[in-house]
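Working notes, beginning with the structure itself.
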Amino acid sequence: QVHLVESGGGLVQPGGSLRLSCAASGFTVRFTAMRWYRQTTGEERELVAHIFSDGSSKIYADSVKGRFTVSRDNAKNTVYLQMNSLKPEDTAVYYCNAPLNGYWGQGTQVTVSS
């Protein structure tokens, strides 16, 4: 059975950092591309970061370039999103996704506020 479980969200002040984790089971992340999306109430999900199966090629939304980094730990079968210099507009529910399989996690809330 396939599961994607996100964790690491929370409340952080502007300028702070968080690291989100996406632990996968039922499939191997190093054999496929993985994505992070985010969504705020009333808005469509926005693609934040994409890591290709080679683990080195990555794509970021313009709004997070230079601040967010997507990475992967093959031994832990886990994908991460390191978020630095957080802004209030980064507040959203963040979702992990395996685009070629159609798998989604349940999401983790990130709130950036003073």
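The values are calculated or read from the model by the stated rules, or taken from the named source; none is laboratory data. Keep in mind that what you see is a predicted model, and the values were worked out from it rather than measured. For neighbour counting, all protein chains shown are included, and Cβ atoms are generated from backbone atoms with ideal geometry for every residue, glycine included. Ligands, DNA and RNA are stripped out before the accessible areas are found, and what is left, the full protein with its side chains, is counted by its heavy atoms. Shrake-Rupley method; radii C 1.70, N 1.55, O 1.52, S 1.80 Å.
Within region 95-112, does at least one residue satisfy the condition of being surrounded by fewer than 17 Cβ atoms within 10 Å (Cβ to Cβ), among the hydroxyl-bearing types (Ser, Thr, Tyr), at negative phi and at pLDDT 95 or above?
Within region 95-112 (the criterion being surrounded by fewer than 17 Cβ atoms within 10 Å (Cβ to Cβ), among the hydroxyl-bearing types (Ser, Thr, Tyr), at negative phi and at pLDDT 95 or above), the answer is yes, since at least one residue qualifies.
Look at residue 100 and say whether it is aliphatic (A, V, I, L, M) and more than 19 Å from residue 12 (Cβ to Cβ).
yes
Would you confirm whether any residue within region 2-14 is out of contact with any helix residue (DSSP H, G or I) (no Cβ under 6 Å at 6 or more places or on another chain), within 13 Å of residue 99 (Cβ to Cβ) and surrounded by 13 or more Cβ atoms within 10 Å (Cβ to Cβ)?
yes
Regarding residue 73, is this residue without any contact (Cβ under 8 Å) to a residue 12 or more places away in the chain and open to solvent by less than 50 Å² (accessible area, probe 1.4 Å)? Spell out the reasoning first.
Working: without any contact (Cβ under 8 Å) to a residue 12 or more places away in the chain: yes; open to solvent by less than 50 Å² (accessible area, probe 1.4 Å): yes.
Here the answer is yes, as residue 73 does meet what is asked.
Matching residues to (1) touching a Lys or Arg at 6+ places or on another chain (Cβ under 9 Å); (2) more than 12 Å from residue 18 (Cβ to Cβ):
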{"position": "42", "(1), (2)": "no, yes"}
{"position": "48", "(1), (2)": "yes, yes"}
{"position": "80", "(1), (2)": "yes, no"}
{"position": "89", "(1), (2)": "no, yes"}
{"position": "93", "(1), (2)": "yes, yes"}
{"position": "112", "(1), (2)": "yes, no"}
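Starting from region 1-14, keep only residues that are over 17 Å from residue 108 (Cα atoms) and touching a residue at least 40 places away in the same chain (Cβ under 8 Å), then list their pairs with residues that are open to solvent by 30 Å² or more (accessible area, probe 1.4 Å) and in a strand (DSSP E or B) whose Cβ atoms are within a distance under 6 Å, requiring at least 6 positions of separation or different chains.
2/103
Please determine whether any residue of region 53-64 is touching a residue at least 40 places away in the same chain (Cβ under 8 Å), at negative phi and surrounded by 14 or more Cβ atoms within 10 Å (Cβ to Cβ). Steps first, please.
Restricting attention to region 53-64, the residues satisfying the condition of being touching a residue at least 40 places away in the same chain (Cβ under 8 Å) are none.
Checked region 53-64: no residue is touching a residue at least 40 places away in the same chain (Cβ under 8 Å), at negative phi and surrounded by 14 or more Cβ atoms within 10 Å (Cβ to Cβ).
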